[in-house]
Amino acid sequence: MYDCSKEVLGYHNEEVTLLQKERDEMRQRRDTNRIRVKAGLVENNDPKPREFASQGSYAMKTMTQHPEKDYDIDDGIYFDMDDLKKDDGTDMSALESRQMVRNGVDDGSFKKKLEEKGVIFCSISEAVQKHPELVKKYMGSVVPYADNKHACLNSGVFTDGSFVYIPKGVRCPMELSTYFRINASETGQFERTLIIADEGAYVSYLEGCTAPMRDENQLHAAVVELVALERSTIKYSTVQNWYPGDKQGKGGIYNFVTKRGACRGANSKITWTQVETGSAITWKYPSCILQGDNSVGEFYSVALTNNYQQADTGTKMIHIGKNTKSTIVSKGISAGHGQNTYRGLVRIQPKAANSRNYTQCDSLLLGDKCGAHTTPYIDVRNTSSKVEHEASTSKIGEDQLFYCKSRGISLEDSVNMIVNGFCKEVFRELPMEFAVEAQKLLGVSLEGSVG
Amino acid sequence: MALLEVQNLHARVATTGGRDILKGVDLTIRAGEVHAIMGKNGSGKSTLVQVLMGREAYEVTQGYVRYDGKDLLQLSAEERAREGVFLAFQYPVEIPGVSTSYFLKAAVNAIRKHRGETELDAMDFLKLVKDKMNLLKMDQSFMNRAVNEGFSGGEKKRNEIFQMAVVNPRLALMDETDSGLDIDALKVVSQGANSLRGPEKAILIVTHYQRLLNYIEPNFVHVMLDGRIVKTGGKELAVELETRGYDWIEKEIQQPVLTAQTSFARSETPR
């Protein structure tokens with residue numbers, strides 16, 4: 001028999017494993033990165049890292065070649081837990097720690113990378129100065145100032161916000177994220193977000209929110225507008241953790257937000273994914289106007305209310321173009337005295353022939369003082385379209401809890417596990433690190449709600 | 001020494017109160033033994049094992065249970081599990097969205113933590129479950145499926161015994177594990193249960209059919225009737241029940257005064 005091991009080995013060395021030269025380069029880049037983050041942390045007065053350690057395929061020496069050179073090096077940065085404190089002395093959350101490292105790494109080169117691709121990611125105030133034509137053309141085109149009273153208030157008093165423009169055919173090279181925090185007491189926050197994906201563009205945008213404890217209520221009335229042109233995709237993910245008020249329902253944020261996206265072009269797609277655990281009262285209906293033919297709108301939501309929180313959230317899917325599709329998956333969890341309402345509208349216009357909607361609304365109740373409500377509106381104005389609505393309400397089962405506990409799992413862990421399982425379909429839609437964060441957040445928000 | 005000692009155990013449904021379902025159960029299981037409980041539907045067999053596992057839906061109104069020297073009734077369900085008690089459910093519950101591997105790893109680590117052992121990482125855990133999966137002829141894909149979700153009746157039962165094999169309990173309570181199993185699955189499941197027999201451990205099987213006891217041979221067979229154990233014998237008692245049914249036992253004990261005296265006398269027996 002012919003011995004081909006030499007050929008195989010040769011092929012493996014040339015075509016499969018990553019060449020020494022490239023590995024060296026990558027190591028160099030890794031070292032530069034380490035120097036950069038160290039310097040950045042010092043500059044920001046953040047804690048010193050204890051050590052770095054390579055991980056993943058580099059550490060395991062299993063790196064392979066890739067036709068588009070799509071490989072990277074996974075590097076770990078380690079801190080002493082005692083160092084990871086906020087200004088007020090309390091522990092940083094996982095997300096905050098990552099944010100800190102990310103800020104340390106950022107010496108403006110992220111911006112450069114985005115600029116190379118022509119992506120604009122800046123504050124609204126900067127966009128007004130530098131890109132007035134885009135702001136004039138799109139701002140208020142999805143959410144007009146007279147849309148509702150909170151949008152009107154926002155349009156009147158907003159001072160700043162985020163602006164994103166992805167040019168034609170560009171896939172945004174990284175996930176963009178903003179983080180909002182309301183610090184001052186007895187105040188309102190009225191930021192505005194405008195995201196435009198030009199033809200064939202792709203962007204994934206993450207939004208996180210947090211606010212410290214206050215006895216008084218604060219108002220958050222933001223407006224978010226998304227514009228998706230032909231063949232473009234916008235993924236918008238939110239983890240909302242505004243202060244929910246105390247156990248008696250005192251304080252907390254009123255979260256009255258108008259979020260809407262327009263699929264203007266054919267074959268465009270907008271996906272809203274939200275995890276709502278905070279706020280005293282939430283009124284929020286991230287919606288899609290499906291104008292372009294074959295456009296797709298998606299809404300994935302987990303809303304959790306504990307103590308005296310109220311969440312009234314859902315979506316509107318307005319089908320205007322032909323063959324438009326929408327998917328709604330809403331998971332509501334109520335504990336304590338929490339009230340959770342899904343409120344949604346699916347409208348299929350006469351010209352939206354062959355359109356489809358699938359809606360799934362599940363509610364989970366923990367305890368006997370909370371409530372779950374579902375108010376779906378369905379308005380179909382042609383005969384060729386198809387709309388499906390599935391809804392379920394369940395109590396977290398005594399039998400499920402007993403099953404978990406009979407395996408040695410504590411009550412709290414059992415509840416967490418069951419609730420996270422319940423939300424799986426939505427968490428799947430979140431970017432990896434947000435999904436981990438969201439799971440933990442649910443655990444924290446549910447603390448003390450059972451037993 | 002007795003591993004489990006149940007004395008005059010009374011229990012009822014916690015929420016509605018009302019009449020006791022268990023009306024004075026006496027049962028002693030020593031380490032190394034396998035006991036079977038048989039009886040008509042509604043005689044309290046399943047209630048007994050669920051009360052022993054610590055289901056809060058039942059309220060113990062009287063009696064005493066000692067397990068491994070501890071007062072079992074003072075422990076919560078999760079504490080009992082960590083102390084080595086395991087219940088293989090008659091109707092295993094579905095937990096949508098939670099993978100079997102995640103679930104089982106949480107269980108194993110909760111028990112290990114309680115014993116002061118280090119928690120298993122993903123690799124060690126995988127090693128542990130692999131053998132047990134082979135033993136129960138289970139496919140690897142089981143681990144990635146949500147707990148019991150979409151499982152067939154047989155798969156659910158197999159999954160119970162698989163979990164039991166992984167957890168390796170000291171006292172295994174098996175509640176009608178054989179119902180809904182075909183003969184091949186029954187053999188596999190029995191093999192799994194037999195692998196758990198040992199001088200330090202004990203098994204309590206609730207079943208309707210003698211068939212299972214051909215594969216897992218019991219040391220004692222008890223007959224439960226109206227919330228009490230009314231007759232105890234060897235494995236031949238199961239064969240007799242299979243042919244004769246339960247009526248003759250009912251007739252045998254249909255002398256209420258006498259029954260009361262016997263059970264009184266029994267509970268007076270020094271331990």
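Annotation: lysines with alpha-carbon distance below 20 angstrom to B:LYS231 (same-chain offsets under eight excluded): B:LYS23, B:LYS40, B:LYS45, B:LYS251. Excluding same-chain neighbours fewer than eight residues apart, the lysines reachable from A:LYS369 by a Cα-Cα span under 26 Å are A:LYS247, A:LYS250, A:LYS284, A:LYS331, A:LYS395, A:LYS405, A:LYS424, A:LYS440. Size check on region B:192-252: the Cα extents along the three principal axes, sorted descending, read 38, 22, 15 Å.
In this label model, A:GLN28 and A:TYR377 are separated by 6.2 nm, measuring between points 7 Å along each Cα→Cβ vector. When chain B is treated as a GNM with alpha-carbon contacts under 10 Å, the residue of B:ILE229, B:ILE203, B:ILE95 showing the greatest mean-square fluctuation is B:ILE95.
Summarising the amide proton neighbourhood of A:TYR243: residues at separation of 5 or more, or on other chains, whose placed amide H is nearer than 5 Å comprise A:ALA211, A:ILE253, A:SER279.
Rounded to the nearest 500, the helix-only mean residue ellipticity at 222 nm of the protein assembly as shown stands at -9500 deg cm²/dmol, with each DSSP H run of n ≥ 4 adding -39,500 (n - 2.57). Can you compute log10 of I(q)/I(0) for region A:208-281 with the Debye formula, treating each Cα as one identical point scatterer, at q = 0.19, 0.26 Å⁻¹? One equal scatterer on each Cα of region A:208-281 leads to -0.76, -1.09. So how many Lys-Lys pairs in region A:86-221 land under 23 Å Cα to Cα, not counting same-chain pairs under 8 apart? So the count works out to 15.
Taking a sphere under 14 Å around the Cβ of A:LEU153 and counting the other residues whose Cβ falls inside, with K and R at +1 and D and E at -1, yields a net charge of 0. The convex hull drawn around the Cα atoms of the protein assembly as shown, when projected onto a plane and averaged over every direction, covers 41.6 nm². Residues whose amide H falls under 5 Å from that of B:MET174, counting only those 5 or more places apart or on a different chain, are B:ALA88, B:LEU204, B:ILE205, B:VAL206, with hydrogens built in the peptide plane.
Direction-averaged projected area, Cα convex hull, region B:69-225: 10.1 nm², rounded to one decimal. Between the beta carbons of B:GLU200 and A:LYS369, assuming R0 = 60 Å, the FRET efficiency works out to 0.80 to the nearest 0.05.
Multiplying the residue separation of A:ASP246 and A:HIS389 by 0.36 nm and subtracting their alpha-carbon distance yields 47.9 nm.
Can you give the log10 of the normalised intensity I(q)/I(0) at q = 0.09, 0.17, 0.18 Å⁻¹, computed with Debye over equal Cα scatterers of region B:1-154? Debye intensities relative to I(0), on a log10 scale: -0.37, -1.16, -1.23.
Between the beta carbons of B:SER152 and A:THR62, assuming R0 = 35 Å, the FRET efficiency works out to 0.35 to the nearest 0.05.
Each label point was placed 7 Å from the Cα along the Cα-to-Cβ direction; for B:GLN254 and A:ASN354 their separation is 7.5 nm. With springs only between Cα atoms under 10 Å, which of B:LYS231, B:LYS113, B:LYS132 fluctuates most in a Gaussian network model of chain B? Greatest mean-square fluctuation among the candidates belongs to B:LYS113. Kirkwood radius for region A:405-451, taken over all pairs of different Cα atoms as the inverse mean of 1/r, rounds to 11.3 Å.
Computed from backbone phi with θ = phi - 60° and the Karplus coefficients 6.51, -1.76 and 1.60, the 3J(HN,Hα) list for region A:334-339 is 10, 9, x, 9, x, 10 Hz; x is used for glycine and proline. Reducing region B:1-79 and region A:288-317 to their Cα centroids gives an inter-centroid distance of 49 Å.
3J(HN,Hα) couplings calculated from phi for region B:27-33 with the Karplus curve 6.51 cos²θ - 1.76 cosθ + 1.60 (θ = phi - 60°) are, in sequence order, 7, 10, 10, 9, 4, x, 9 Hz; Gly and Pro show x. Please build a GNM for chain B, connecting alpha carbons under 10 Å apart, and tell me which residue among B:GLN50, B:GLN140, B:GLN191 fluctuates the most. Result: B:GLN140 has the largest fluctuation of those listed.
Between B:THR28 and A:ASP107, the modelled label-to-label distance comes to 7.9 nm, taking each label 7 Å out from Cα in the direction of the beta carbon. Working note: Debye formula, equal point scatterers on the alpha-carbon atoms of region A:308-451, no solvent; log10 I(q)/I(0) at q = 0.12 Å⁻¹ is -0.58. Projected over all directions and averaged, the alpha-carbon convex hull of chain B occupies 14.8 nm².
Take the Cβ atoms of B:GLU119 and A:GLN20, set R0 to 35 Å, and the FRET efficiency comes out at 0.35.
Computed from the coordinates by the stated procedures, all read-outs in this text should not be read as laboratory data. It should be emphasised that the depicted structure is a prediction, and the values quoted were computed from it without experimental measurement. Note: ideal-geometry Cβ built from the backbone for every residue, glycine included; neighbour counts use all protein chains shown.
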